[in-house]
1. How much length, in nm to one decimal, is gained on full extension between residue 160 and residue 92, taken as 0.36 nm per residue of separation minus their Cα-Cα distance?
2. Mind checking which lysines have their C-alpha under 29 Å from residue 172, skipping anything on the same chain fewer than 8 residues away?
3. Show me the three semi-axes of the equivalent ellipsoid for the range 115-199, from the C-alpha gyration tensor (sqrt of 5 times each eigenvalue), largest first, rounded to whole Å.
4. Any lysines with Cα under 19 Å of the residue 13 Cα? List them, leaving off those in the same chain fewer than 8 positions away.
5. If I take R0 = 22 Å and measure r between the Cβ atoms of residue 28 and residue 144 in this structure, what FRET efficiency does the formula 1/(1 + (r/R0)^6) give, to the nearest 0.05?
6. Provide the convex hull volume over Cα atoms per residue for the range 19-87, in Å³.
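Laboratory data are not the source of any read-out in this text; all were calculated from the coordinates shown. The shown structure was predicted, so the numbers you read here are calculated from the model rather than taken from an experiment. Don't worry about glycine lacking a Cβ; one is built from the backbone with ideal geometry, like all the others, and counts go over all protein chains shown.
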Amino acid sequence: MENFNTRQTLISKIRNQHDDRSWEEFVYFYERYIFVVINKMGVNYQDCEDLVQKVLLVLWEKLPEFEYIPDKCKFRTWMNSIIRNVVVGFFRKSKRQRNDLERASLQKLNENPNEFDIPEIYDLAESEWKLHIANLAWENIKDEFTGKAGDCFMRFSEGKTVDEICIDLDIKKNTAYVFRSRVQEKLHREIRRLDAELS
């Protein structure tokens with residue numbers, strides 16, 4: 001997406017819930033990430049789409065309450081707690097629908113929501129965030145590396161050996177390493193920028 005706003009600008013614009021264009025931009029940057037986290041939490045593919053929309057709706061409604069405090073409250077942490085709450089609610093509802101005899105154990109869950117066993121949700125979310133940001137960063141910079149430099153980097157990413165790459169692209173080893181280093185440096189800068197602006 002071309003006209004990228006910084007996180008604070010984008011989130012402050014969305015707080016005005018009538019700003020449809022900023023909301024579309026927000027959905028562009030976060031929807032895929034939300035989907036993957038929900039799916040990795042054990043929600044089947046068919047239900048993921050509905051839950052993504054539910055999370056987005058909750059974010060839409062609650063964003064005016066979110067207060068960005070640098071180095072204290074990351075937007076991503078707040079968003080992940082909303083994702084977790086929506087998924088926990090979904091699992092509880094599904095469990096009630098499957099078996100009314102389990103109400104006693106569900107009562108215990110209601111009293112102690114943190115006991116609900118979603119394996120290492122925050123570790124999972126962090127891992128998926130890194131992958132999400134790396135993919136966004138590559139989308140942003142890949143057009144700068146057309147030709148052999150981009151092809152070389154992609155082949156390294158696919159696990160090809162330097163010898164295979166040199167044969168495929170008809171280049172020398174030093175050139176292959178230079179291409180990879182040049183793309184990696186730009187990619188890492190873009191990852192750091194996006195992570196700072198979208199976290």
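1. Details: separation 68, 0.36 × 68 = 24.48 nm, distance 4.55 nm.
Full extension of this stretch gives 19.9 nm more.
2. Of all the lysines, those that pass the test against residue 172 - Cα under 29 Å, at least 8 places apart if same chain - are 142, 148, 160, 186.
3. 32, 16, 9
4. The qualifying lysines are 62, 74.
5. Details: r = 20 Å, r/R0 = 0.92.
My answer for the efficiency is 0.60.
6. Values: hull volume 6.5 nm³, N = 69.
Dividing the Cα hull volume of the range 19-87 by its residues yields 94 Å³.
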